[in-house]
Amino acid sequence: MTPRVIRGAMALWLLASPAAADVDAAKVFEDKCMACHGKTGTPPKAFAKLGVRDLSDSEWHASRTDEQIRDSIAKGAEDTLMRAFDKELHSDEIAALVRFVRSLKTEASSRREEN
Ligand code: HEC
């Protein structure tokens with residue numbers, strides 16, 4: 001390959017694959033997840049009643065590995081409102097969301113209800 005072809009291929013690769021560091025996970029969460037899970041991870045009451053997981057729950061965090069969280073986001077949970085996001089989000093975005101979800105953890109005593 002000529003250097004120009006290589007540069008072209010690299011430019012395409014960069015366009016097609018946002019580096020993990022460039023992903024604004026808070027923004028993606030706001031766009032795709034907040035409606036159900038709430039800004040802080042605690043779902044609005046009406047959604048909690050529909051079975052939406054509280055992503056700030058420290059006990060839930062302790063019960064899941066990062067890999068399990070990644071899978072839930074990528075594949076969704078069958079027969080629930082939680083759909084699979086692997087078609088609409090890049091794997092780097094999903095990895096960034098796992099870290100973001102981890103950052104939502106709070107101890108039960110400091111959890112705040114949202115309406
Ligand atoms: C339409 C509502 C809805 C949207 C939008 C949604 N979720 Fe969920 N989510 C749910 C529900 C309902 C559950 C509980 C599923 C179950 O019972 O296992 C859930 C569960 C989860 C879980 C926990 C799975 C487990 O292991 O217990 C994670 C993590 C999660 N969602 C992350 C996300 C992320 C990240 C997004 C955005 C990309 C998102 N969700 C968007 C409704 C939603």
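Quick note: the coordinates plus some simple rules give every number you see, no bench work behind them. Since the model is a prediction, treat every value here as computed from it, not as a measurement.
Across region 19-110, how many lysine pairs, 8 or more positions apart or on different chains, have C-alpha atoms separated by under 13 Å? Please give the number.
Numbers: K27/K39; K32/K87; K39/K105; K75/K87.
The result is 4.
Could you give the length gained by full extension between A46 and S63, i.e. 0.36 nm per residue of separation minus their alpha carbon distance, to one decimal place? Each step should come with its number before you reach the end.
On the way: separation 17, 0.36 × 17 = 6.12 nm, distance 2.45 nm.
3.7 nm is the gain from fully extending A46 to S63.
From the Cα gyration tensor of region 19-90, with a ≥ b ≥ c the square roots of its eigenvalues, which class applies: rounded if a/c is under 1.5, or else prolate if a/b is larger than b/c, or else oblate?
Details: a/c = 1.38, a/b = 1.31, b/c = 1.05.
Rounded, since a/c falls under 1.5.
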